[in-house]
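Student: Below are the C-alpha cells for one structure; questions will follow.
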Amino acid sequence: MMEMFTGKGKDTWQNWWQNQNKIFDLWKESMSFQNGKIFELPGIMDWFSPERFYQNWLKMMAESFKEYLKWIPDIVSKESFEQTMQKADGCWKPFTFWSSMAEKLPVKEDVEKWKGFCQSLVQNYDKMLDSYSLNFPEPVKLMLKSSVEMAGSFQQFLFNFFQPWLDYSPELRENFFRFIKGDHKACIDFLRIWYQAYQESYGKFLQIPALGLSRESFEKLASSIDSYMRYMTVYSEFFSTLYKIGYEALENLIKKTAEMAGEGKAPTTFKDFYQLWWQTNESAYLELFKTDSFAKMLGEVVDAGVEFKKNFDELLVEFFSMLPVPTKKDMDSLYKSVYQLRKALKDQVRKTEELSEMLEQLNRKEGTSES
Amino acid sequence: MMFTPLALNAQKVMEETLDMNKKLLQGMNTLLSIKDIEVDLTPKELVYEEDKMKLYHYKPLSKDVIPVPVLIVYALVNRQYMMDLQQNRSVIRNWLELGLDVYIIDWGYPDQMDKYLTLEDYIDGYLNNAVDVVRRRCGLDKINLLGVCQGGTFSVIYSALYPEKVKNLVTVVTPVDFSTRDGLLFIWSKYMNIDNLVDTFGVIPGSFMNSGFIILKPFQLMLDKYMGLIENLDDPEVVEDFLRMEKWIFDSPGQAGEAYRKFIKDLFQENLLIQNKLEVGGRKVNLKKIEIPLLNIFGEYDHLVPPAASRPLNDAVSSKDKQMISFRVGHIGMFVSSKSQKEVAPAVARWLKERSEPEKKETGKKTSKNKDVKQCLTE
C-alpha cells in the first residue's frame, strides 16, 4: 500500500495532484471574484441559461473523473507507499497544495453580499415579469418564470455544495497565516478544517449512489478516492504533530545547551552533542507517545491507511476480475475451503485415533478376561 | 565571532574525527570479510510437524539430564531462534549444558492460506498436539512448559485449560495484565481498529508489526543503533553479533488474521485473561485452575512487556509453589545478554530441576508408544 509514491507511482501521484488542481481551478473559475463582477460563475449570461450552466458543471465533473480514471490503472505499481511514508517532507506537499487553495478562497462577507445580490436579482426579475404578465401568453410566461426558478434552484445547489468551503474559509485563512508565523498547531487545525469542508462537499458527492451498468465500479472508485483523501489528511496531521514535537525538542535542546554552557558543562565534542541531541528528541517523542491523544491519532492514521488499501484493493479486484487470473476474492474462497477441509480432516484423524485406542483397550481387556 | 553554546575542544574534536575515519576505513575491510551470518546452530531434530508448525527436540548436551522435558513456547511474533542466536550466548545451549531436555515449537511463517487460523487452532490445536507428542515420546502424563512473551501467554492459557498435562510452568517476559500504561504497545493497541486491519490484510504483515516496534524508540532504533555500529565497525566480532541481531529483528513472520484479532481484542483491548473472562474454544480460561508450580520471570527494563504486565500472574493463579524473579535486563536482553547466560538460564534450570520428578503415564494407555525416560532422552 505504501508503495505508490516513488518511481512510476510518484509520477502518478503528481498527475493526481495536478488533476486535483484542475478540479479546484474549475471551481475557482466558478467562484472567484473578477473586475468588480460578483462571480464569474461561467459568466453573467449563463445565469439566464441554466441548461448551459448545468452542462458546464456536468462537463467539469466528467473531466475530473475522467482524470481520476486515468490515474487508477497507472497506480498498479508496487513499492511506493512505504518509501514516501518515510519521507517526513511528504506531508508538506499536500499542505502546500491545500494552502495555495486557501489563499484563493473568497471571504465570507463577499459571499453574503453576493447572495443578497442574487436574491434581489431574482425578486426584481419576478416583479418585472409580473408587471408584464398581462402582455405575455401563458407558455412564454411559464418559460420565463421557470428559467429564473431553475437558476435559483441551481444557485441554491451550488451554495449547498460549496457552503462548507465558504463557511470554513475564514478559519482556513486564519490557520494558514498562523502557521506561516510559526504556530505549528495551526497546520494541524488547518488540515482538520480542510478535511471537514471536503467531507461536507466533495465527500458527499462521492457518496452519491451510482446508477447503471458500471455502478459498482464507480462506487468503488469513489470510495477509493474518498478514503485516500481521509488518509492523506490524517497522515498529514500525524506528521505535523511529529514535526511540532521535533521543533519543540529543538527549542529545548537549545535551551539545555545554553544552560549547560552557563554551568561550564557544554558538550565538548560532536559525539557529546549528538548524544544530547538524540536523547532530547527521544524523550520528547516518548512523552508524546504516552498520551492517549497520540495513540488515538496513530490508530486513525493506521485505520485510514488500511481503509484506503481496502477500497483500493477492491477496485483492483474489480479491474482484474475480467482477466484470466484468480483475484484475492477467488483465493480467499479457496483459502477458506482449505482451512475448513483441513480442520475437518484433523478432526476425523483424531476421532479415528480415539476409536482405535478404545478398540485396543477393549481387545486387551477381552484378552485379559479370556486368559 | 558567532556565539555557540557548544564548548568544542579542538583537540578532542580532531581526535574524534580521526578515530571515526579510521573505524570507517577499517570497517570497509570488516564488512567485506564478513561471511554468512549463521544462527540457530545448536543441534536439534524435527520430531513433529503440522501445517507450518514444527516441533524440534534439541540433542542433550549433558550426561545428567532432568527426567521431565521442557517445551518452549515462543511468541508468534518474531522467530524462536532468538534463544539460540549465537553459540557463545545461546540460552538454549546453556540450558542443555545445565541438564534440561529441551523441545521447542517453531510456528513457521503464516501466509494467506493461514488467515483463518484462530487462537483456538494455535492453543487447542498446534500447542496441544505438540505437548501430546512430547508426552508420548517420553511416556509422561505431564511435561514442563516454558513460555516466552506471547508464547508465555499461550502457555498460561494452556495450563489453565489443560492442567493435567503440565507439570511446571515457567513464564518469561509474559504479559497477562494488559491494563498497564507502562508500555506503549498497551496504550496504542487500545485505539487500533483491529477488525479493519484483519479484514483488509488477512495475514498482518511482519513489516507492519516491525514498524510498530521501531517507532517505540525511533531515535534509538532507527539512528543511534547504527551509529553504535559505526563505533564498532573495526571489530568483526561485534559486527557479526550486530548482524545476527539485525537478521532476527527483521525476520518477522506475518500474523494469522483471526488469531491476531482475538489476541488483540480480547487481551490487549478488553484485558479478559487476568479477569478470568477469556473464552477459548467455548471454555472460560480460569487462571485459578493453575495449581502447578509457577516461575514468573520478567525484565525490569522491558519496554515491550513491562513488569506491570507480568507481575499480576502470581496473584491470579492458585499455585502454592510460585516464584517471581526479575532481572535488570530488557525484553531481548533476557535472552542474549551476558546476564542472561550467567543468571537467567541457571535460575530457570535450577528451578526446574528441583521440581522435575517424572510422573509416568498410567499403565494401559498408549503402551506401544510409551518409552522410559532414558530412551526419550537419547532419541
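Student: Rounded, prolate or oblate for region B:135-275? Axes are the square roots of the Cα gyration tensor eigenvalues, ordered a ≥ b ≥ c, and the cut-off for rounded is a/c under 1.5.
Tutor: Numbers: a/c = 2.14, a/b = 1.33, b/c = 1.61.
Oblate, because a/c is 1.5 or more while a/b does not exceed b/c.
Student: Gap in Å between the Cα centre of region B:1-74 and the Cα centre of region A:150-179?
Tutor: 59
Student: Once you order the gyration tensor axes a ≥ b ≥ c over the Cα atoms, which shape class does region A:282-371 get: rounded for a/c under 1.5, otherwise prolate or oblate by comparing a/b with b/c? Walk me through the numbers on the way to the answer.
Tutor: Numbers: a/c = 7.75, a/b = 1.87, b/c = 4.15.
The shape class here is oblate.
Student: Once you sort the root eigenvalues of the Cα gyration tensor of region A:197-243 as a ≥ b ≥ c, which label holds: rounded (a/c under 1.5), prolate (a/b larger than b/c) or oblate (the other case)? Write out the running numbers ahead of the final one.
Tutor: Working: a/c = 7.21, a/b = 2.51, b/c = 2.87.
Oblate, since a/c reaches 1.5 and b/c is not below a/b.
Student: Shifting gears a bit: Do any GluC sites (Glu not before Pro) in region A:245-295 lie in a loop, going by DSSP, with at most 12 other beta-carbon atoms within 10 Å of their beta carbon, and if so which? Write out the running numbers ahead of the final one.
Tutor: Working: sites: A:E248, A:E251, A:E259, A:E263, A:E282, A:E287; in loops: A:E263.
Loop-located and lightly packed - A:E263.
Student: Only Cα pairs under 8 Å and at least 6 apart count here; give the relative contact order of region B:151-211 as a rounded whole percent. Before the final figure, lay out the partial values.
Tutor: Working: 25 pairs, mean separation 14.3, N = 61.
Over region B:151-211, the number comes to 23 percent.
Student: Considering only Cα-Cα distances, which of the following residue pairs are longer than 22 Å: A:K204/B:K265; A:K343/B:K262; A:K296/B:K265; B:K44/B:K165; B:K142/B:K288; A:K271/B:K12? Show your work: numbers first, answer last.
Tutor: Details: A:K204/B:K265 32 Å; A:K343/B:K262 19 Å; A:K296/B:K265 16 Å; B:K44/B:K165 24 Å; B:K142/B:K288 19 Å; A:K271/B:K12 10 Å.
Result: A:K204/B:K265; B:K44/B:K165 exceed 22 Å.
Student: Let me ask something else about it. So if I take the centroid of the Cα atoms in region B:113-144 and the same for region A:255-318, what is the distance between those two points in Å?
Tutor: 41
Student: How much net charge surrounds B:I332 when only the other residues with a Cβ under 13 Å from the Cβ of B:I332 are counted, with Lys and Arg +1 and Asp and Glu -1?
Tutor: Working: positive: B:R79, B:R89, B:K217, B:K225, B:R244, B:K339; negative: B:D241, B:E246, B:D302.
Residues close to B:I332 contribute a combined charge of +3.
Student: If you take each beta carbon of peptide A:268-281 and count the beta carbons of other chains within 10 angstrom, what is the mean? Please report the intermediate quantities before stating the final value.
Tutor: On the way: counts 9, 11, 7, 8, 6, 3, 3, 2, 1, 2, 6, 3, 1, 3.
Across the residues of A:268-281, the mean count of other-chain Cβ atoms within 10 Å is 5.
Student: How big is the gap, in Å, between the Cα center of region B:268-303 and the Cα center of region B:174-190?
Tutor: That distance is 14 Å.
Student: Counting Lys and Arg as +1 and Asp and Glu as -1, what is the net charge of the other residues whose Cβ lies under 9 Å from the Cβ of B:I37?
Tutor: Numbers: positive: B:K35, B:R244, B:K247; negative: B:D36, B:E38, B:E240, B:E246.
Net charge around B:I37: -1.
Student: Find, among the chymotrypsin sites (Phe, Trp or Tyr not before Pro) in region B:1-95, those assigned to loop by DSSP (not H, G, I, E, B) with at most 12 other beta-carbon atoms within 10 angstrom. Intermediate values should be presented prior to the final figure.
Tutor: On the way: sites: B:F3, B:Y48, B:Y56, B:Y58, B:Y74, B:Y81, B:W95; in loops: B:F3, B:Y74.
Listed in order of number, the matching sites are B:F3.
Student: Take every Cα pair under 8 Å in chain B that's 6+ residues apart, average their separations, divide by the length, and report that relative contact order as a whole percent.
Tutor: On the way: 702 pairs, mean separation 88.4, N = 379.
Computed over chain B, the figure is 23 percent.
Student: Only helices at least 20 Å long along their own axis, judged from Cα atoms, and with Kyte-Doolittle mean hydropathy of -1.0 or greater: name those in chain B from DSSP H. Provide the component values of the computation, followed by the final result.
Tutor: Details: long enough: B:10-33 (34 Å, -0.34).
Helices meeting the criterion: B:10-33.
Student: Oh, and also: Between B:E291 and B:E354, what FRET efficiency comes out of the Förster formula 1/(1 + (r/R0)^6) with R0 = 22 Å and r the beta carbon distance, rounded to 0.05?
Tutor: Calculated value: 0.80.
Student: Another question, if that's okay. Amide H to amide H, which residues 5 or more places from B:V280 or on other chains are under 5 Å from it, using H placed in the peptide plane?
Tutor: When sequence neighbours closer than 5 places are left aside, the close amide H contacts are B:V285.
Student: How much length would be gained if the chain were fully extended between B:E50 and B:M324, taking 0.36 nm per residue of separation minus their Cα-Cα distance, in nm to one decimal?
Tutor: Values: separation 274, 0.36 × 274 = 98.64 nm, distance 3.40 nm.
Difference between extended and current length: 95.2 nm.
Student: Filter A:K220/B:K217; A:K309/A:K351; A:K328/B:K277; A:K265/B:K23 down to the pairs with a C-alpha to C-alpha distance above 31 Å, please.
Tutor: Numbers: A:K220/B:K217 38 Å; A:K309/A:K351 43 Å; A:K328/B:K277 36 Å; A:K265/B:K23 28 Å.
Violating the 31 Å limit, Cα to Cα: A:K220/B:K217; A:K309/A:K351; A:K328/B:K277.
Student: Using Cα-Cα distances under 8 Å and only pairs 6 or more residues apart, what relative contact order does region B:1-128 have, in percent? Intermediate results must be reported in sequence, preceding the final value.
Tutor: Working: 134 pairs, mean separation 32.9, N = 128.
That works out to 26 percent.
Student: Now, a different point. Would you mind counting up the charge near A:K329? Only other residues with Cβ under 12 Å from its Cβ, with Lys and Arg at +1 and Asp and Glu at -1.
Tutor: Numbers: positive: A:K328, A:K336; negative: A:D313, A:E314, A:E318, A:D330, A:D332.
Summing Lys/Arg as +1 and Asp/Glu as -1 gives -3.
Since every read-out is calculated from the coordinates, none of them should be taken as a lab result. Just so it is clear, the structure is predicted and the values come from calculations on it, not from any experiment. Glycine gets a Cβ as well: all are built from the backbone with ideal geometry, and neighbour counts include every protein chain shown.
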